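The next block holds one structure in the form of structure tokens; read it before the comments.
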Amino acid sequence: MRCKDVCAGATAALQLAAVSSARGPAALPVHATPERDSTFNEPTAPPPGDLPMPAVVGALLVLLIGLALTLSAMLWNRNRVVAEGHRVLERQMERLERDVIQRFIQPVYGLKGARGTIAAMHGRIDRTAFRAYVQSRDLPREFPGVRGFGFVPRVMRADLAAFVAAERADGAPQFAVRSFGDAAPDLFVVSHIEPLSQNYPAWGFDLGSESIRRRAIEQAIATGEATLSAPVPLVQDHAHGPGLLLLVPVFRDGADPVTPEQRRQALVGVLYAPLVAQEILHGLKEGLAAAPMDFRLLVDDHTPMEDLLLDSVTGIQPLDAPATSRAGYDARLVKDEHLVEISGRAFRVEAALTTAYERKIIDAASWEPGLVGLVLTTLLSAMTYLLAAGRARVQALADTMTEDLRRVTLDQQAMLDTEVIAMAKLRGRCIVWKNGALERLFGYEKDGLLGLPVRDLYIDEESFAALGRNAYPVLRRGGHYRSQQQMRRKDGSLVWVDLNGVALPGERDEETTLWMMVDITQSKAYEARVERAAFHDALTGLPNRVLLADRLRQAIASAQRQKHAVAVVNMDLDGFKAVNDTHGHDAGDEVLKTVGERLTAGIRATDTAARLGGDEFVVLLSPLPSATDSRAVCERLLRAILEPVRLSSGATVQVGSSLGVAHFPLDGVDADVLMSRADQTMFDCKRAGRCRIRWLNGALPPDEVDLSALRQGPASPAPPGAGAREDDHSHAR
């Protein structure tokens, strides 16, 4: 069952319960039965020439009751048709929302593909590679409404001249920067835009010089997510209609910034796509031409002046359209509005059934039952006058209505007692009603949540206040609010919850709301495991190549500031292939995990031990007072590796290692250079003889230590069923 359907059913049930409790038994008219008159039980013959008064009174009562029921039926049928109209409108709005979301989200995948291309080039933006990527995509077919893909680096104003010179040297001699002003210390210049023929006016434009574009860029950097700008005029659009910018931030390869400041420090630039509203929304109105619905798509900036993008009657609206052309649907009977957030930008979809549909269906629904009811009431009055038997029929009708009401109540109660979705009714942000699933979700005993302030379920005051600020303005407008929130159970443990809230307008207190919650803790935990797997080796749990590269760059930056040394130790296991060949790959995995544990145990918390793949490891030592301080650590690590390894099979094996060490700044000041020199030194050391450590020494000859004497000779594997002897080493060089 859809979340909105459950919400609607729960809302109706709560309102029914509220009405019943407020009015008492008299609130249910089907239970009310007029007191019987003894004159009906014992009729007397009227005098000659007079009308029989009991029959007249009965006929008049039936007539009055019939007219009242007819009026009620007219109202009920009208409300039923209106409710059906709301359902029709809801379905069409959902279809419209899906179409709008798809149109704006689709270009994100293209920009993320470009970000992957940049990551594959280790953050280097190559004009030829960027053009080749864009040309490989069929923009009109894959991303309708997208004029092209561009890259926007952040350029400090002091570096502007050097930046322009570099761009001109990179195959663009005509490159120039255009800006609306020079107040900001930094610029966001469109350095790459493809296809260039369609976007030439935007090439070299400083997006940060215009306030709307800069706000969108700053939002993308702060959140690290794809972001849509507010409507702006695009220089690519010769029709001068509204347009939007879709922005995706690009961070340094291996960076994993968490805070906005970290993201700003790790920023490489921003990928963007100019979206022309006339093109990206083309066909949206025609796709719903058969639906009896008028709609409007607005950009909701939480300001009195909202940007109207599309009106199903008048089409795409220009940015400078007068307010008189933006009339809403206040006069419509069946109308609704939804708030949709797409890439950080809030859109409001307003819709209403067409006036022709309302006149044809809803107005007709009011008068047709009225005419039928009037005829039936007249006939019933005549029959009552003649037969005086209308009371039994009224009683039968009352019994039927009572049974229908009982069944409706049971149906609504079954919806509220769901095992999957927890529900709570709040008044003044305190729980006044809940179902059993809510108690199970938060670990409370029966009725332990009644009267509880929901602040007790939040992890801190800030998250409680933030949800109130974001949710209640939406609920007061009649919309739905949905969010994912980490909350606290009674025992103090934390649980991730998917919240969906709606206001209950039928309540006396306007702050009465209904909330539904679903436990999503497991899915959140899975996301965390996936994120860890991206930066750590699956076998040893050590950092992988990506995380090592990031930490090495951070260590070099810190060393430059603090004036200390950094050592990169590249090591390759000696004799590891013999372990695999003799004992199998499972034994090799045990050796790799043991080596990883010994490396981790032999270094400081500020150091890093990483596995690059196979039997190749790298240790990053930072900070070091001087290059010579790495020697004792390297010897200690090699001695630890040379310690025999006891396998789960009972056999004992031994592996060695050849270590190549390069230092910052003595042997290089660039991360890639240090890694390359340490790797080459390790191979030179291995060729000279294994179980050695070779330290680069700048321009001087390298220093070397030979610990091969600690290697033990090869030994045979342990026989099946027997433990390995102390001198049995299943390793051969």
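Summary of packing: across the peptides 133-145, 110-122, the per-residue average of other C-beta atoms within 10 Å ranks them, highest first, as 110-122, 133-145. By accessible area, using a 1.4 Å probe on protein heavy atoms only, the stretch 610-680 has 52% of its surface on carbon and sulfur.
Counting only residues at least eight positions apart within a chain, or on another chain, the lysines with an alpha carbon under 22 Å from that of Lys524 are Lys490. Using the average count of surrounding beta-carbon atoms within 10 Å as a protection proxy, the listed peptides 209-215, 500-506, 167-173 rank, highest first, as 500-506, 209-215, 167-173. Placing a pseudo-label 7 Å from each Cα along the Cα-to-Cβ vector at Thr521 and Gln236 gives an inter-label distance of 4.7 nm. The aspartates and glutamates within cross-link reach of Lys446, meaning a Cα-to-Cα straight distance under 16 Å and a gap of 8 or more places when in the same chain, are Asp417, Glu419, Asp491.
Which part of the stretch 330-371 falls in the paramagnetic zone of Leu71, meaning amide N under 17 Å from the point 7 Å along Cα-to-beta-carbon? So the set is 366-371. In the context of the full set of protein chains, residues of the stretch 500-544 present 57 Å² of accessible surface per residue (probe radius 1.4 Å, heavy atoms only). The lysines whose alpha-carbon is closer than 18 Å to the alpha-carbon of Lys285, local same-chain residues fewer than 8 away aside, are Lys335.
The values are calculated or read from the model by the stated rules, or taken from the named source; none is laboratory data. Keep in mind that what you see is a predicted model, and the values were worked out from it rather than measured. Virtual Cβ from ideal backbone geometry, glycine too; neighbours counted across all protein chains shown. Areas reflect the complete protein model, heavy atoms only, side chains present, ligands, DNA and RNA absent. Shrake-Rupley method; radii C 1.70, N 1.55, O 1.52, S 1.80 Å.
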